Amino acid sequence: MTREKADFTGARATMLATLYGRALHSRTENPVLHDPYAEEAVARIDHDFSTTGLRGGDALSIALRGRTFDDLTAARLAADPEVTVLHLGCGLDSRGQRLAPPPSVEWYDIDFPEVIDLRDRIYPAREHHHTIGSPVTAPDLLDGIPNDKPALVVAEGLVMYLEEAEGVALLRRITEHFPGGHLVFDVQSPLAVRWAHRLNGAVRAADARLKWGVRSGTELERAVPGLFLDEEMTFFDIPGLERLTPTNRALVHTLGKIPTFRKQALILTMHFN
């Protein structure tokens, strides 16, 4: 088996921690997120994954977040199977493979060219499944993507790495390009962004820098005309927290009562017409 090099730094390197966490958890008994694609990708990549900065319990947290995104994405696809999916900042996430959307869905995995180059070498091509090597903030990103269907935009672990002006401009381009659609993405509060390098082992190991803190979905409603908040889910609301260790469950229970901590990380679902 040919092994592929993955020499990334900064924000790009954090995708290796996410991939490794999903692979580790997928190997456990009765995983919340079964991801054989992540397991295979880790085996295919020539990289010392012990340097990713993952700590005890991180793999489960990564899997819980990934499963929540999968469920939200699957629910939208079930409600409207005639969509164009933009999987922004996809990294090596196999969401499109795991969910196996119907042929009526055109799925676009989008990330930096060097990330997509590695992705294309690891994951086989699929019909109605496209990859685009480009920064998600490139002004011409959407030029070659048809706008004859509503959009479903999925962005896990992306927004906090964007500059605010770039992120707002991206959201405005999406709402202007498509006739309507839904978005599923996560944000972190300004406090969480400031402290990420100290508290998040994967961020610190990659020497990545978080930039954009968002307090709530209403901030984005004000910044992007025509964008509306449907649901705001905190980490403390996601399904599966009972799988945490007793110590971590107690910690989550305590921190969830403190407003500053409760809203440090949000999963937002929004729509535009």
Need one number: % antiparallel among DSSP beta bridges in segment 68-272, to the nearest 5.
45 percent
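Taking R0 as 35 Å, what's the FRET efficiency between LEU229 and THR2 from their Cβ-Cβ distance, rounded to 0.05?
0.15
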Taking +1 at the Cβ of each Lys and Arg and -1 at the Cβ of each Asp and Glu, which of LEU141, ILE267, ALA125 sits farthest along the dipole of segment 68-272 towards its positive end, judged by Cα position relative to the Cα centre?
ILE267
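Given Cβ point charges of +1 (Lys, Arg) and -1 (Asp, Glu) and nothing else, what value in debye, to the nearest 20, does the dipole of segment 1-61 about its Cα centre take?
Values: 7 positive and 9 negative charges, 22 e Å.
Here segment 1-61 has a charge dipole of around 100 debye.
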Whole Å is fine, so just give me how far the alpha carbon centre of segment 48-77 lies from that of segment 186-251.
13 Å
Residues whose modelled amide H sits under 5 Å from the amide H of LEU152, counting only those 5 or more places away in sequence or on another chain, are THR84, VAL85, LEU86, HIS182
Using a Cα-Cα cut-off of under 14 Å, which aspartates and glutamates could be cross-linked to LYS257, ignoring same-chain neighbours fewer than 8 residues away?
ASP237
Partner lysines for LYS263 [C-alpha distance under 28 Å; skip if fewer than 8 residues away on the same chain]:
LYS211
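Once you order the gyration tensor axes a ≥ b ≥ c over the Cα atoms, which shape class does the chain get: rounded for a/c under 1.5, otherwise prolate or oblate by comparing a/b with b/c? Intermediate values should be presented prior to the final figure.
Values: a/c = 1.41, a/b = 1.09, b/c = 1.30.
Taking the square roots of the gyration eigenvalues as a ≥ b ≥ c, the chain is rounded.
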Total charge dipole magnitude, segment 143-273, about the Cα centre, Cβ charges on Lys, Arg, Asp, Glu only, Debye to nearest 20
660 debye
If a paramagnetic tag sat 7 Å from the Cα of GLU221 along the Cα-Cβ line, which residues of segment 250-271 would have the backbone N under 12 Å from that point?
270-271
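Suppose every Lys and Arg Cβ carries +1 and every Asp and Glu Cβ carries -1, with no other charges. What dipole size does the chain come out with about its Cα centre, to the nearest 20 debye?
On the way: 30 positive and 38 negative charges, 223 e Å.
Once rounded to the nearest 20, the dipole reads 1060 debye.
Sort 222-228, 86-92, 176-182 by the packing proxy (mean of other Cβ within 10 Å over each peptide's residues), most packed first. All intermediate terms of the calculation are to be shown ahead of the outcome.
Numbers: 222-228: 14.7, 86-92: 24.7, 176-182: 17.4.
Sorting 222-228, 86-92, 176-182 by mean packing, highest first, produces 86-92, 176-182, 222-228.
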Note down the nm distance, to one decimal, between modelled labels 7 Å out along Cα→Cβ at ALA74 and at THR260.
3.8 nm
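Read-outs throughout are calculated quantities, based only on the coordinates presented, and are distinct from any laboratory measurement. Every value quoted in this text rests on a predicted model; they were computed, and no experiment measured them. So basically every Cβ, Gly included, is an ideal-geometry build from the backbone, and we count neighbours across all protein chains shown.
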